[in-house]
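As structure tokens, the structure follows; a few thoughts come after it.
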Amino acid sequence: MSRFFLYLMALLYVLIGITHFVRPDPFVKIMPPFIPFPLAMVYLSGAIEIGLGVLLLPAITRPYAAWGIIALLIAVYPANIQMAVDSYRQQNPQLWVALARLPLQFPLIGWAWTYTRRGR
């Protein structure tokens, strides 16, 4: 079963990373204003997600990829906050989605944490 979750995690990061290139606009819209070059940052984060997803698969690179995913999840957290703030300000009826994303980062970090040790 743990292999299933490993492959699922890798697949999710690769697919989300590809989405950064195919549909960058939603990602650009949630970039905090203090981030320079938002489109370039969306492409960069997408490439990083694809790379980390792929690097999860070989056992030798898995711990490094897992730590990278943890760092990435922390790095993109301000975009999730910005999404919630913008949804609130715009009285968006989908505010609950933006709010739900905020605590979701923590189980995702925990999931990645399980792969930080060698042999997992």
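The values are calculated or read from the model by the stated rules, or taken from the named source; none is laboratory data. Predicted model, so just to flag it, every value in this text is computed and none were measured. A quick note on method: Cβ atoms are made from the backbone with ideal geometry, for glycine too, and the neighbour counts reach across all protein chains shown. In case anyone asks, the SASA skips ligands and DNA or RNA and just uses the protein heavy atoms, side chains included. Shrake-Rupley method; radii C 1.70, N 1.55, O 1.52, S 1.80 Å.
Of note:
- Exposure of I109 as accessible area (Å², to 10), given a probe of 1.4 Å and all protein chains: 40 Å²
- Computed extension gain for F34 through W96, at 0.36 nm per residue and net of the alpha carbon distance, reaches 19.9 nm.
- Working note: Cα atoms of the chain, range along each principal axis, descending, whole Å: 47, 27, 22.
- Candidate residues D25, D86: accessible-area rank, largest first, probe 1.4 Å: D25, D86
- Estimated from the Cβ-Cβ distance and a Förster radius of 35 angstrom, the FRET efficiency linking Y88 and L15 is about 0.80.
- Percentage relative contact order, the chain, counting C-alpha pairs under 8 Å, at least six apart: 27 percent
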